[in-house]
Each structure stands twice: as C-alpha cells, then as structure tokens.
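As structure tokens, the structure follows; a few thoughts come after it.
The values are calculated or read from the model by the stated rules, or taken from the named source; none is laboratory data. Quick caveat, the model's predicted, so the values are computed rather than measured. Neighbour counts are summed over all protein chains in view; Cβ atoms, including those assigned to glycine, are modelled from backbone coordinates with ideal geometry. Ligands, DNA and RNA are excluded from the accessible area calculation, which covers all protein heavy atoms including side chains. Shrake-Rupley method; radii C 1.70, N 1.55, O 1.52, S 1.80 Å.
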Amino acid sequence: ARERKEQNKRRILTFTDIERYAAVLLIGENGEKTDAALLETEKFDEIYIDEYQDVSPLQDTVFRAISRSDNRFMVGDIKQSIYGFRGASPDLFAAYREAFSEPDHPDDCETIFLSENFRSDGHILSFSNAIFETLFGICGGDISYRPEDALKQGKKDTGEPVQKEVE
C-alpha cells in the first residue's frame with residue numbers, strides 16, 4: 001500500500017500496472033470487448049506478435065481484445081520459452097497451435113511450422129532434437145513435442161570439415 005501511494009504521488013506506473021489497466025480498458029466485467037477495444041480493433045489491419053511462447057494470460061487477453069479472428073499473426077517456439085518467472089505461459093501458444101491445426105476450426109486459421117534451421121549443422125540439430133524430445137517427455141506437462149517441432153537442416157553443406165560429434 002505504501003509503495004502504491006508513492007507511485008501515485010510520483011505518477012509512476014510499472015509494466016504490470018500498464019498491462020492491468022489496458023485489460024480493464026479493453027475487457028468489460030462480462031468478459032466482452034469494451035467500446036474502447038472495438039475502436040482499437042478497427043485501427044489494425046494486421047497484428048504481428050513475436051515470441052508468443054513468452055506471453056502471459058493477461059497479455060493474451062489484451063492481444064485478443066484488440067484483434068479480430070483474421071488479423072493476428074503469432075510467432076513462437078515453445079522450446080525457447082524463458083519467462084515463466086514473470087508469468088509467461090507457453091501452454092497458451094501450444095493451445096493456439098492445437099486449435100489452429102483442427103480442420104473444423106471456426107476461424108480461417110492455420111499453423112505454419114518454420115522448422116528449417118540455417119545456422120547449425122545436422123549433427124547439432126539431431127542432438128538438440130533428441131534433448132528436447134526427452135525433456136518435453138519428462139517435464140513438458142501438457143505441452144507435447146511432436147515431429148513438426150523438430151528442427152531440420154536448412155543450411156547447405158559447404159564441404160568444410162566440422163566436428164561430427166557433440167561432446
């Protein structure tokens with residue numbers, strides 16, 4: 001309470017405050033979009049959001065409030081989720097992936113896998129895929145690791161010698 005009083009006195013908002021106030025402005029008590037959200041929705045032809053695996057449920061609510069079913073493009077890789085300590089929920093991204101993969105999904109949505117890796121050699125990718133397949137099997141919870149999640153070599157072989165084993 002004392003911290004809040006000092007913030008108000010200094011007119012300071014934290015990132016969390018801004019998230020909460022945005023949600024209050026955009027989503028009514030009934031869970032529907034507010035008039036403000038509907039106005040914001042009309043301003044955007046397209047909304048691109050990178051690193052969606054690190055979005056929190058509150059951020060997801062804000063993104064849904066300002067978008068339509070046909071103009072939100074989300075990019076993410078669950079294997080790269082690192083912000084669980086600040087509320088990121090990679091299972092949100094996983095749920096979208098599952099829903100958009102269903103042939104009878106009501107919206108015209110699809111999941112596109114960008115699996116080609118142009119940085120690493122094949123033996124590194126094989127090792128990484130084996131590690132992630134094992135880890136997701138042990139501690140992935142509701143998030144599955146499917147064949148589409150595996151990285152594929154997109155990098156052309158240059159003929160230069162490379163270390164063939166991962167130590």
**OP:** Give me the percent of the accessible area of the chain that comes from carbon and sulfur atoms, probe 1.4 Å, all protein chains in place.
**Re:** 53
Original post:
So how much accessible area does residue 43 have, in Å² to the nearest 10, using a 1.4 Å probe?
Top reply: 140
Subject >> Gained length - residue 135 relative to residue 115, 0.36 nm times residue gap less alpha-carbon distance >> reply: 5.4 nm
Subject >> Förster radius 25 Å - calculated FRET efficiency between residue 63 and residue 128, Cβ distance, rounded to 0.05 >> reply: 0.25
Subject >> Helix-only CD estimate at 222 nm, as mean residue ellipticity for the chain, using -39500 (n - 2.57) per DSSP H run (n ≥ 4) >> reply: -13000 deg cm²/dmol
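Rounded to the nearest 0.05, what FRET efficiency do residue 15 and residue 152 have when you use their Cβ-Cβ distance and R0 = 35 Å?
0.45
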Subject >> Pairs of Lys in the chain closer than 20 Å at Cα, counting only those 8 or more apart or on different chains >> reply: 5
Original post:
Label 7 Å along Cα→Cβ of residue 43; the stretch 63-89 residues with amide nitrogen under 13 Å?
Top reply: 66-67
Subject >> Correct choice for log10 I(q)/I(0) by the Debye sum over Cα atoms at q = 0.10, 0.18, 0.19 Å⁻¹ that was computed from the model, options (1) -0.40, -1.18, -1.27; (2) -0.54, -1.21, -1.28; (3) -0.35, -1.17, -1.30 >> reply: (2)
**OP:** Rounded, prolate or oblate: pick one for the stretch 51-132, where a ≥ b ≥ c are the square roots of the eigenvalues of its C-alpha gyration tensor, a/c under 1.5 means rounded, and failing that, prolate if a/b is larger than b/c, else oblate.
**Re:** oblate
